[in-house]
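Worksheet: the structure to be examined is printed underneath.
Quick note: the coordinates plus some simple rules give every number you see, no bench work behind them. As the structure is a computational prediction, the values presented were derived from the model and not from experiment. Here the Cβ is made from the backbone with ideal geometry for all residues, glycine too, and neighbour counts use every protein chain on show.
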Amino acid sequence: MSVEIEITPSRNPNYVTFSTGQNLIPPGTGLTYSDPESAESNPLAKALFAIGGIESVWILGRGIHVTKDDKIRWSKIQSRIIETIRHAANSVTRGG
């Protein structure tokens, strides 16, 4: 079964929250990545930075907060972000 992803824009046009119906990390914890090098230890954050145009990733329970470069349009990267998150959420569901 495919994980549903809810998209919540913010007042900042470069910042969007992608929410899943399940925790990707333990509740009450957060992981912040400001560049690809800092994301090396987290497969989801590393994969998101690999898309290109991503400036930061914050994973907080069920939400993944993504900030993009202002030169990149969401329409160019949003579907890849969703598929990357969906893949990670499915891995959590399967236990791996």
Kindly check whether there is at least one residue in segment 78-88 that is out of contact with any Leu (no Cβ under 9 Å at 6 or more places or on another chain), among the small types (Gly, Ala, Ser) and surrounded by 13 or more Cβ atoms within 10 Å (Cβ to Cβ). no
Of all the residues that make up segment 33-69, how many are assigned to a strand (DSSP E or B) and either among the aromatic types (Phe, Trp, Tyr) or in contact with a helix residue (DSSP H, G or I) (Cβ under 8 Å, 6 or more places away or on another chain) (or both)? 8
Quickly run through segment 1-44 and pick out the residues that are hydrophobic (A, V, I, L, M, F, W, C) and touching a strand residue (DSSP E or B) at 6+ places or on another chain (Cβ under 8 Å). ILE5, ILE7, VAL16, PHE18, LEU24, ILE25, LEU31, ALA39, LEU44
